[in-house]
Amino acid sequence: MTASTLSDRDHQFVARAVDLAKNGLYTTKPNPRVGCVVVQDEEVVGEGWHERAGEAHAEIHALSVAGNRAKGAEVFVSLEPCAHTGRTGPCVTALIEAGVKRVVAAMVDPNPQVAGKGLEMLNSAGIVAQVSQDDCGAAELNAGFCRRVVGGRPLVRLKVAATLDGRTAANDGSSKWITGEEARADVHQLRASSCALVTGIGTVREDDPRLNARIDRQVVQPLRVVLDGNGQLDPEARLFSEPGDILIVTSREDDEGFDFDARTEQICLAGADGRVDVAGVLDLLAERSCNEVLVEAGAGVAGAFVSRGLVDELWVYQSPDMLGSGGRGMFVMRGIRSINDRVVFELEDVCRIGRDVRLIYTPSREEV
């Protein structure tokens, strides 16, 4: 369907729907974040957003608030209404039954099960259905969902905390804390928006992290994935003391590990080099409907993801401190022997957080 240039008034309602969708940033996984506004005679008579997978979608919430005033109303939604039955019924049917006269979507749903079908059904029912030329940030809000349903792989963010001279720990291995409290709070929000959090056995042994999102909002905790090639994970590690599912990935078929509880799963995914196949891990997470994956790991695991070209966004939290040449580096990348082998990123965003700086990079698309 051809995108439409909307009036300023329509654009404001589309933007409002996208803002409402942000309320589900930490809870809708693995579903997309969606918001909806119902307008009758220039008055907003219903608003809603999708809160959790398996529960009512944004359109259903908004129509419920609008009640009888939904008849003949205009509906602005951040993502094309679904036309298929999943854990809930199709929203298109609810909109048709409510008798709305117009539906404006910020973007077409990239899911092949929908992908324009919802808008076609609305048109066939005599409802004006349009797609905004300006998505008002809807695609960015659901970048992981789009990446998975179109490309078959989650959006991968790699987070690194380092000093001004690029060190992630001191010579003795101590690293608490590289960055300040404000930066660490920002990382917890990044964790909360992720479907899965990936780390390596080295990080678990040295830092004993809980690997959960600690924010003052409702959050569906990410799946915690530990790459433990040789089955060295300590059953007393702190991550087992926190609620939430855990996936342990080894590279040894004969490694039975220890007796896990019901929320912990262990699988083997070995690459040709005998190490854990990080690309295979992402394929598995995509199959399990993980939209956004956050990698928080040491130099070895971080370097493996970068070397394989598996990082979509690199988030660097840089402190203004220095640890000197004896400190530990950010990446181990064995394939780089000359400047021509370098991996090139482009700086997309810079933000000061407390005494630290957050830099977001994406892989360069230009030849160097």
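Summarised as an ellipsoid, the stretch 94-247 has semi-axes of 43, 18, 14 Å, derived from the eigenvalues of the Cα gyration tensor scaled by 5 and square-rooted, with the largest first.
P(r) tail for the chain: Cα pairs beyond 26 Å make up 56% of the total. log10 I(q)/I(0), Debye, Cα-only the stretch 212-368, no solvent, q = 0.08, 0.12, 0.21 Å⁻¹? Each listed q corresponds, in turn, to -0.30, -0.68, -1.53. The alpha carbons of the stretch 10-67 stretch over 35, 23, 11 Å along the principal axes, in descending order.
Amide H contacts for Gly231 (H built 1.01 Å from N in the peptide plane; partners 5 or more residues away or on another chain; cut-off under 5 Å): Ser251.
Take every DSSP beta bridge whose two residues both sit in the stretch 39-137; close to 25 percent of them are antiparallel.
Summarising the strand pairing of the chain, around 40 percent of its internal DSSP beta bridges are antiparallel.
The three principal axes of the Cα atoms in the stretch 130-170 give end-to-end lengths of 56, 24, 10 Å, sorted in falling order.
Using a 1.4 Å probe over the heavy atoms of the protein chains, calculate the carbon and sulfur portion of the accessible area of the stretch 218-368 as a whole percent. Carbon and sulfur together cover 45 percent of it.
Choose one of Ala70, Trp177, Ala125: the residue whose Cα lies farthest towards the positive end of the charge dipole of the stretch 59-178 (beta-carbon charges +1 Lys, Arg; -1 Asp, Glu; about the Cα centre). My answer, from the dipole projection, is Trp177. From most to least packed by mean Cβ count within 10 Å, the peptides 129-138, 41-50 give 129-138, 41-50. Among the protein heavy atoms of the stretch 38-159, carbon and sulfur supply 48% of the accessible surface, probe 1.4 Å, non-protein parts ignored.
Past the 18 angstrom mark, what percentage of all C-alpha to C-alpha distances in the stretch 76-134 do you count? Here the long-distance tail beyond 18 Å is 23 percent of all Cα pairs in the stretch 76-134. Of all the C-alpha pairs in the stretch 45-159, what % are more than 17 Å from each other? So the pairs more than 17 Å apart make up 56 percent of the total in the stretch 45-159. For the stretch 36-78, the share of alpha carbon pairs falling in successive 5 Å distance bins from zero is 7, 29, 33, 17, 9, 4, 1 percent. Considering only Cα-Cα distances, which of the following residue pairs are longer than 29 Å: Lys29/Lys71; Lys29/Lys176; Lys29/Lys101; Lys29/Lys117? From the list (Lys29/Lys71; Lys29/Lys176; Lys29/Lys101; Lys29/Lys117), the Cα-Cα distance tops 29 Å for Lys29/Lys71; Lys29/Lys176; Lys29/Lys101.
Only helices enter the 222 nm calculation for the chain: every DSSP H run of n ≥ 4 contributes -39,500 (n - 2.57), and dividing by all residues gives -7000 deg cm²/dmol, rounded to 500.
Calculated accessible area for the chain comes out at 47 Å² per residue, all protein chains present (probe 1.4 Å; ligands, DNA, RNA ignored). A Förster radius of 41 Å combined with the Cβ-Cβ distance from Ser289 to Ser325 puts the calculated FRET efficiency at roughly 0.40.
Sorting 276-288, 97-109 by their mean Cβ neighbour count within 10 Å, with the most densely packed peptide first, gives 97-109, 276-288. By the compact-protein rule of thumb, 2.2 N^0.38 Å, the alpha-carbon radius of gyration of the stretch 263-322 corresponds to a ratio of 1.32. For the stretch 99-167, a/c is not less than 1.5, where a ≥ b ≥ c are the root eigenvalues of the C-alpha gyration tensor, and a/b tops b/c. That puts it in the prolate class. 3J(HN,Hα) along the stretch 9-14: 5, 5, 4, 5, 6, 5 Hz, from the Karplus curve 6.51 cos²θ - 1.76 cosθ + 1.60 with θ = phi - 60°, whole Hz, x for Gly and Pro.
The values are calculated or read from the model by the stated rules, or taken from the named source; none is laboratory data. All values reported here derive from a predicted model rather than from experimental measurement. Note that each Cβ is placed from the backbone with ideal geometry, even for glycine, and that neighbours are counted across all protein chains shown. Please note that ligands, DNA and RNA were not included when accessible areas were found on the heavy atoms of the full protein model with its side chains. Shrake-Rupley method; radii C 1.70, N 1.55, O 1.52, S 1.80 Å.
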